[in-house]
Amino acid sequence: MPGFGQLLNKQYLKGLTFIFLEFLVNTCANFNEGIMLSFLGETERALTSINYGWLMFYPCLYFFAMWDAFKEAGGGKAPYSFLPFAFCAYSVTVGLMVSPKATFFGVTFGPVFFPMMCVIPGLIIGFILRKIILTFSKSDALG
């Protein structure tokens, strides 16, 4: 849950702010009902129960809070360590937007499972882009 990492890092005001924002977005997006319906296999009902205007805030909030907690705990010292988090936020947001139309072999994964599947390409793109930038910045420094 966004904010818990900040609480563990003893950043109480920031953590409570993220928790408040998570509750706000979750409630306004009707996300819990969408999650429940998705897990019950009622994908079509889940697709219509979600408020997409609100839910599109969730991936950015979630991945920013994760990156912030990671960075503050000492993991963000490597250059461009934010890229996998940023590309996950982007790919999950796009996955959420196209989830009503995304059908594979006659199966619609819906507003919960399809965006979750979009984490994988977000991570792959973020790590590859980070590697490319680091490789070119090292070669520029050498030559």
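Each reported figure results from applying straightforward, stated rules to the coordinates on display, with no laboratory input. Keep in mind that this is a model prediction, so the values were computed, not measured. Here the Cβ positions follow ideal geometry from the backbone for every residue, glycine too, while neighbour counts run over all protein chains shown.
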| query | Once you list every other residue whose beta carbon is under 12 Å from the beta carbon of Gln11, what net charge do they have if Lys and Arg are +1 and Asp and Glu are -1? | reply | +1
| field | the stretch 37-143: radius of gyration over Cα atoms, expressed as a fraction of 2.2 N^0.38 Å | value | 1.31
| query | GNM, the chain, Cα, under 10 Å: largest mean-square fluctuation among Ala29, Ala78, Ala86? | reply | Ala78
| task | Grab the beta carbon distance between Met1 and Lys138, set R0 = 25 Å, and tell me the FRET efficiency rounded to 0.05. | result | 0.10
| Which residue, Gly95, Gly76, Gly34, tops the fluctuation ranking in a GNM of the chain built on C-alpha contacts under 10 Å? | Gly76
| When only C-alpha pairs under 8 Å and at least 6 residues apart count, what is the relative contact order of the chain, in percent? | 22
| query | Using the Kyte-Doolittle scale, which helices in the chain average at least -1.0 and also have C-alpha atoms spread 27 Å or more along the helix axis, with helices defined as whole DSSP H runs? | reply | 119-142
| message | Can you give me the distance in nm between label points at Met117 and Lys77, each placed 7 Å from the Cα along the Cα-to-Cβ direction? | response | 3.9
| query | Which lysines does Lys14 reach when only Cα atoms under 25 Å apart count, and residues fewer than 8 places away in its own chain are ignored? | reply | Lys71, Lys77
| Principal axis dimensions, the stretch 84-143 - Cα atoms, whole angstrom, descending | 52, 20, 12
| task | Under a 10 Å cutoff between Cα atoms, tell me which one of Met116, Met97, Met36 has the largest fluctuation in the Gaussian network model of the chain. | result | Met36
| field | Given charges at beta-carbon only (K, R positive; D, E negative), |dipole| of the chain in Debye | value | 460
| remark: CD proxy, 222 nm, the chain: helix-only mean residue ellipticity via -39,500 (n - 2.57) per DSSP H run with n ≥ 4, per residue, nearest 500, stands at -23000 deg cm²/dmol
